[in-house]
Each structure stands twice: as structure tokens, then as C-alpha cells.
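The values are calculated or read from the model by the stated rules, or taken from the named source; none is laboratory data. Being a predicted model, the structure only gives us computed values, none of them experimental. Glycine gets a Cβ as well: all are built from the backbone with ideal geometry, and neighbour counts include every protein chain shown.
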Amino acid sequence: MPLMRKRLRINAGGPSSVPMPAPSATGARNTWFRVARLIERTRTVFPGLPDVCDKSNNRRYEIEDAALAAFSVFFSQSPSFLDSQTRMQKLQGKNNASSLFGIHDIRCDNQIRNPLDPVPPQTLFALMVEIGDDLYHHGLLDAFRSFDDTFLIALDGTDFFSSQKIFCPLLAVQTRQWQSTVPSHRRHAGAGGAGPGKRLCPPQFVQPQDGHAKQDCELAATGRWLEQWGRALRGVEYHFSGRRLVLHQPFCQQILAKKANFIFTCKPDSHPVLYE
């Protein structure tokens, strides 16, 4: 028998029972917004990334190339983009890294990681917001509209680094059934589209907070994310969606206080009262 799930939709005005339609597959597509525009914008930002090592012009090229090389991986179908570009250069005398992304020198993994690891992620948040605005205004997010022709903003977290050998003060330790403890870096993200005059919101990181003795958690990070971006996402064009992790009364009240709506899913074993 399939697991039972209950979907609870809450409007700012109160609960209601509604059918859950399939996401719409339609939407306007504006061909003006090209990959070249995205690359051009990132190339204006990457040279200004902070460098904790050196301020020389040569170093500026190094950190710009490292950032562009890391960014280019998202456009590659090869598991080793830089290796494929090196082979292309040897065979054809040219490569996409240079012609498409404007990379001066093809660099190895360590030459990419070393200058980028110290860069605070918040440095790129403004770029993320700008890209989200462009995607929305050129109709490239319309296909993601769902219930009531609104965007569903999924509240969820994901690990972006995990190791049992490498440790730093910002790691969160998780206990799993098949492993004792797993230190990891985790981030919370509100995955969804931007609205008119609104913003595609950057993530919130799960990491120790000043003045807190307890380890940070995904729910607490979600609350901070909502406090930071809830006002920007206000309006009827959005619904928050999430699983049992965020289906807690204080957090639901926090959403309603922002005049926002939510659709959360839970199972009988986690929220038995809702199934009585």
C-alpha cells in the first residue's frame, strides 16, 4: 500500500481544502535572453571578487579565470570540462573555454579551488538576484508556474560538502542510520522563481550562529532565510512548499505573519494528529 500523505494548504486568511493540479507546462519563452548575456554579466563581476593573497594584475587574471572555469562546468556535458578543453586546444588549436567564456589560461583543479575557497559566497548574491530578475522578465520562468498560476517556492536544504576526514568550525554534524556521524556543510535554499519587482533569493547557510550554544539546524536556517527574504516574496504570486521538517506551528505562524501562503506535506508517522 502506498504511503499516505496529507497536503495542507494555508492562506494568509485561513485554511482551505483545494485540489492540487499538475504543474503547467506552458509559458512564454523570450529568445533575447541568451547564454552570452549571462556569461557577459558574470565576467564583469568575477574580476572584482576579493582576493586574500595578492592584489597584482596577474593575480586578478588568476582569480577571474578560476571563477570562469568553475562557472563553465555548468555548461559542460563532460565530467572533466577543463581536461576536454585542454585536449581540444591540442587537437584543434582552440578551445571553448577561451572563445566562449574568455578564460585566459586553462587551469587545473587546485588552481581553481585555491583562490576561490576563501571567497565569501555572499559576494555573488547580488549577481544571483540580477540573473533571477532577468530570467523572470524575459518569460523564462513562466513554465514553472503551478497552483493558481503561482510559483511554488520549495523550502529545502542540501549538502554541498561532506567529509569524515576534513573538519572546520562551520561544519554541521549529522547522525545517519548507516553511518555514525557525518560532518558536512549544508545550505538552505528557497527554490523558485522571481516575481515582478521581486527577487530570486540566495540561500541561507546552516552554520553556527553567534550567541547560540546549540548546533545550527535546517529549520533555524529556514527561519533566518524567511526573515531576510520574506518581505521580497510577499504577494499572491507565491506559495511556499515543504516537507515535514518545516511543518511546525511556530514556523507556519512565521510565514503567515509575512502575509504569505504555504502548502506543506507530511506523513502519518510524523504528524499523526493531522490524520485523526
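Every residue, every condition in (1) buried (at least 17 other Cβ atoms within 10 Å of the Cβ); (2) of a type in the set (A, V, I, L, M); (3) over 21 Å from the mean Cα position of the chain (by Cα), yes or no:
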position	(1), (2), (3)
TRP225	yes, no, no
GLY230	yes, no, no
SER241	yes, no, no
ARG244	no, no, no
GLN249	no, no, yes
LEU256	no, yes, yes
ASP269	no, no, yes
LEU274	no, yes, yes
Taking the range 48-75 on its own, how many of its residues are part of a helix (DSSP H, G or I), surrounded by 13 or more Cβ atoms within 10 Å (Cβ to Cβ) and at pLDDT 65 or above?
-> 14
First in the range 84-112 and in contact (Cβ under 8 Å) with a residue 24 or more places away in the chain, second anywhere and of a type in the set (Val, Ile, Thr), Cβ under 8 Å, 6 or more apart | ALA97/ILE103; ALA97/ILE106; LEU100/ILE39; PHE101/ILE39; GLY102/ILE39; ILE106/THR86
Restrict the check to the range 152-164 and report whether at least one residue is in a helix (DSSP H, G or I) and touching a residue at least 12 places away in the same chain (Cβ under 8 Å).
-> no
Across the range 149-160, what is the total count of residues that are under 18 Å from THR265 (Cα atoms) and acidic (Asp, Glu)?
-> 1
Subset of the range 114-144, residues farther than 18 Å from ILE39 by Cβ and small (Gly, Ala, Ser), comes to GLY139, ALA143
Out of (1) surrounded by 16 or more Cβ atoms within 10 Å (Cβ to Cβ); (2) modelled with pLDDT of 70 or more, what's the single condition that is false for ASP117?
-> (1)
